[in-house]
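Single-structure report; data block below.
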Amino acid sequence: MSFDSFDFKSALPIINEDSEFFPLMSSEDEEEMNNEELPEVLSILPLRNTVLFPGVVIPITVGRDKSIKLIRDANKGNRMIGVVAQQDVGIEDPTFNQLNQVGTIALIIKMLQMPDGNTTVILQGKKRFMLKDEVQSEPYIKATIQPFQEVKLKEDKEFRAMVSSIKDMAMNIIQLSPNIPSEAGIAIRNIESTSFLINFISSNMNADMAAKQHLLEMNNLRERARNVLEHLTVEIQMLELKNQIQTKVRTDLDKQQRDYFLNQQLKTIQEELGGNTPDLEIENLRNRAAKKKWGKEVGEHFKKELEKLTRTNPAAADYSVQINYLELLLDLPWNEFTKDNFDLKRAQKILDKDHFGLDKVKQRIIEYLAVLKLKHNMKAPILCLVGPPGVGKTSLGKSIAKALGRKYVRMALGGIRDEAEIRGHRKTYIGAMPGRVITSLKKAGAANPVFILDEIDKVGSDFRGDPSSALLEVLDPEQNGTFYDNYVEMDFDLSNVMFIATANSLSTIQPALLDRMEIIEVNGYTIEEKVEIAKQHLVPKQREAHGLKTRDVTFKNNVLEKVVEDYTRESGVRALEKKIGSLIRGIAKNIAMEEEYNNAVTKEDVERILGAPIFDKDQYENNDVAGVVTGLAWTQVGGDILFIEASLSPGKGKLTLTGSLGDVMKESAVIALAYLRSHAAQFDIDQRLFDQWDVHIHVPAGATPKDGPSAGVTMLTALTSAFTQRKVKPHLAMTGEITLRGKVLPVGGIKEKILAAKRANITEVILCKSNQKDINEIKGDYIKDMQFHYVTDMQQVIDLALLTQKVKNPLDLTIKEDLKPVLN
């Protein structure tokens, strides 16, 4: 029984202005209560964790808003409510159909406002009823009810003996349970009514809600008494068994148990005194080590270190260091691998779904999977994805891990300057930690994850060491099978890890490190590719991030193309994603403010939300002035076009270079002028011009640093155009390095440059014949409207680039008369 759930002190008479009640009901009270007429409609209070029986007084803390309103309304009226237990206690706000069919009419004796803000109401059960139909559900449940038909009982000797047994068992339980107050026994002895006694004990005995509800629904008092007697019999047997066990435990302490107890006390005393005692952690470490799959050498090393721990004073500083070291050894995935998924078609689908384009990278991954499927023990390749920001290099690693069914870990290398970040610190140092390679493998929980080395080109070096040199061992398939971390002090096998490095440029990567990686270029996207990426990935992602559905906002291809062309200038899609996010936020504002809007975004909507176009394509097409040539450049964010301007002014042949040019680019200008002077006759230029006119070469924008040899052909063409006053063919761009002999040499970054030219509506491109192989690697659909001229020397460039017709020489208006013949 659980009489302690009932406050027997509250069972004393409570007298206030309105009411006086006694919780112990007499037979006369019960008869009077049974003769009371039931109301047709009753407010229903659902109970979550208790069942109210007729005649029983219970306090209930009301927490639901509906229940609080019901109690307050009823307390102002006749104070009669219906109390029904809900079928599922986990439901916060039960409906009419989620209540049991049988409940108890209750009288609100008193309503108390507790100091903590809760409302407690004291209820007394009156008589049982059955629910019929729901009248209302708000603000609380009201229902029509009907009387509960109970079988009239004719008391005989057997029934009286059963009731007497119930009372005796209840008293016995009270004596066996020290937690039940003595007032419970007094209450039971003073109960005269048989049915109230059964109800009182049913309400307070140790049974679940389903059992109590079953008792409430039983219409035969004899059967109810028998059921209560069975519950009490089981409960008293359990109490007797518990007491027997407790007595046996107290009396059966033998010598071994006493010695163990005393030894534990001794250990505690010794720990307080700083003595050398084994710790429970040691046993836990030993048990965990028994389950590891590590090799014999590692196992012996761990055992040796564990023995060292047992000899260490727990109060010493080295104790925690040793504990951390042993836990790291246990956490590392020694010979623990995830199973690779060799379904190549599934892998191809995952790669195609997550990333649009990047065919070369996908092909290399599928090749690796195919060989691994056939050979099973192939060493993992070390790939290096090189390309501008925002083209999906890092996110590609996640897709590879997903396709392979491997764990995914990423280590950002940008700004790392300490070699210990890679290889860890020695344990002798305070605050020593393992390197980030070992820490990442611990986090992955497998020895064959896909490991992303992000921004490997941004690794620095200083007096603390060179992290890129430490990476040499990590990224060498012949060495990383025995990778040595200073903290672990044991060789760890990295040969099963699939390392994928990402970089924006190869120029800053150490040559020895570069030699260990398989370089795969991830170039910028065309406008068509960006539109497809936006449709398949960016728009759904931003739509979900802003809480919108597909029906709320849609984008047509021409709208996305406008965003790409007028509001972004990049090889990747990061800026595009931000612009799409801005557009969707504009739509989300309209929806939230219930304003009318067009769910199919138009070009007008784009300009209204994003403002006027940021980039104007017209500025990239103006070559109407002699001496202005369009060149192609490579930047870390992809390709771009630039203008090289050459102008002449009266002087003494001085060369001036402006536009934040680097040394290599300045040298290209010097070479171009030197070549033009030595081949002046070939281009029909009077030699005296070079001595009587100053040359000024400018490359906008002036605040942006520029360098590299690829502007050589552009500078020579600009100078030739200025000296001959022949215009450059419109919509033409060029790139290539030149020599003093006039030879055109190949340059890099061709795909990015070509994509930049296409974005700027360039239709013809001049480049070195050796770069033809780079053009062949670009998809034909992307360059179908472009014409490429492959050259080997500058004469071919001039013939292709300059128009034969001269422009009117603006210098005729200002030059001295004796110089005019020079220009004619």
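Table: residues versus (1) hydroxyl-bearing (Ser, Thr, Tyr); (2) at pLDDT 90 or above; (3) surrounded by 15 or more Cβ atoms within 10 Å (Cβ to Cβ).
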position	(1), (2), (3)
Ile754	no, no, yes
Ile766	no, yes, yes
Asp774	no, no, yes
Lys779	no, no, no
Lys808	no, no, no
Glu817	no, no, no
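Matching residues to (1) under 30 Å from Asn324 (Cβ atoms); (2) open to solvent by 40 Å² or more (accessible area, probe 1.4 Å); (3) without any contact (Cβ under 8 Å) to a residue 12 or more places away in the chain; (4) over 25 Å from the mean Cα position of the chain (by Cα):
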| position | (1), (2), (3), (4) |
| --- | --- |
| Tyr368 | no, no, no, yes |
| Pro381 | no, no, no, yes |
| Lys398 | no, yes, no, no |
| Lys402 | no, yes, no, no |
| Arg417 | yes, yes, no, yes |
| Ala420 | yes, no, no, yes |
| His425 | yes, yes, no, yes |
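For Ala646, the conditions (1) of a type in the set (A, V, I, L, M, F, W, C); (2) modelled with pLDDT of 90 or more; (3) not in a strand (DSSP E or B) are fulfilled apart from (3). What do you reckon, is Gly55 free of Cβ contacts under 8 Å to residues at least 40 places away in the same chain and either open to solvent by 60 Å² or more (accessible area, probe 1.4 Å) or within 29 Å of Glu32 (Cα to Cα) (or both)? Criteria not met by Gly55. When only residues in segment 352-366 that are acidic (Asp, Glu) and open to solvent by 60 Å² or more (accessible area, probe 1.4 Å) count, which is modelled with the lowest pLDDT? Checked segment 352-366; the qualifying residue modelled with the lowest pLDDT is Asp359. Of all the numbered requirements in (1) open to solvent by 50 Å² or more (accessible area, probe 1.4 Å); (2) over 21 Å from Leu221 (Cα atoms); (3) outside any helix (DSSP H, G or I), Arg72 misses one, and that requirement is (3).
Looking only at strands (runs of 3 or more DSSP E) that lie completely in segment 658-764, which have at least 2 residues being among the β-branched types (Val, Ile, Thr)?
Details: elements: 693-698, 726-728, 732-734.
Passing ranges, in order: 693-698.
Does Val437 count as open to solvent by less than 60 Å² (accessible area, probe 1.4 Å), in contact with a Leu (Cβ under 9 Å, 6 or more places away or on another chain) and outside any helix (DSSP H, G or I)? When the stated conditions are applied, Val437 does not pass them. For beta carbons closer than 7 Å, sequence separation of 6+ or different chains, a first residue in segment 666-681 that is farther than 16 Å from Ser710 by Cα and of a type in the set (A, V, I, L, M, F, W, C) and a second that is open to solvent by less than 10 Å² (accessible area, probe 1.4 Å) and in a helix (DSSP H, G or I), the qualifying pairs are Leu676/Leu716; Leu676/Leu719; Leu676/Thr720. Could you tell me whether Val62 is open to solvent by 60 Å² or more (accessible area, probe 1.4 Å), modelled with pLDDT under 90, of a type in the set (Val, Ile, Thr) and more than 30 Å from Glu192 (Cβ to Cβ)? Criteria not met by Val62. Right, Leu632: open to solvent by 20 Å² or more (accessible area, probe 1.4 Å), at pLDDT 90 or above and over 30 Å from His546 (Cα atoms) or not? No.
Okay, residues lined up against (1) open to solvent by 80 Å² or more (accessible area, probe 1.4 Å); (2) under 25 Å from Asp493 (Cα atoms); (3) of a type in the set (D, E, K, R):
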site	(1), (2), (3)
Lys296	yes, yes, yes
Thr312	no, no, no
Gln322	no, yes, no
Leu326	no, yes, no
Asp331	no, yes, yes
Ile350	no, no, no
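Scanning segment 217-271 for residues that are at pLDDT below 75 and among the charged types (D, E, K, R) yields Lys248, Arg250, Asp252, Asp254, Lys255, Arg258, Asp259, Lys267, Glu271.
Those helices (runs of 4 or more DSSP H) of segment 457-567 in which at least 1 residues are over 24 Å from Val409 (Cβ atoms), considering only elements entirely within it, cover 511-515, 527-533, 539-545, 557-567.
From the list Asp88, Asp133, the one residue that fits, being assigned to a strand (DSSP E or B), acidic (Asp, Glu) and either open to solvent by less than 60 Å² (accessible area, probe 1.4 Å) or more than 23 Å from Ser193 (Cα to Cα) (or both), is Asp133.
Determine, yes or no, whether Leu472 is over 30 Å from the mean Cα position of the chain (by Cα) and buried (at least 19 other Cβ atoms within 10 Å of the Cβ). Answer is no for this residue.
For Asp116, are the conditions met, namely being open to solvent by 50 Å² or more (accessible area, probe 1.4 Å), within 25 Å of Ala211 (Cα to Cα) and not in a strand (DSSP E or B)?
Details: open to solvent by 50 Å² or more (accessible area, probe 1.4 Å): yes; within 25 Å of Ala211 (Cα to Cα): no; not in a strand (DSSP E or B): yes.
Answer is no for this residue.
The values are calculated or read from the model by the stated rules, or taken from the named source; none is laboratory data. Just so it is clear, the model here is predicted, and its values are computed rather than measured. Neighbour counts are summed over all protein chains in view; Cβ atoms, including those assigned to glycine, are modelled from backbone coordinates with ideal geometry. We work out accessible area using only protein heavy atoms, side chains counted, and drop any ligands, DNA or RNA first. Shrake-Rupley method; radii C 1.70, N 1.55, O 1.52, S 1.80 Å.
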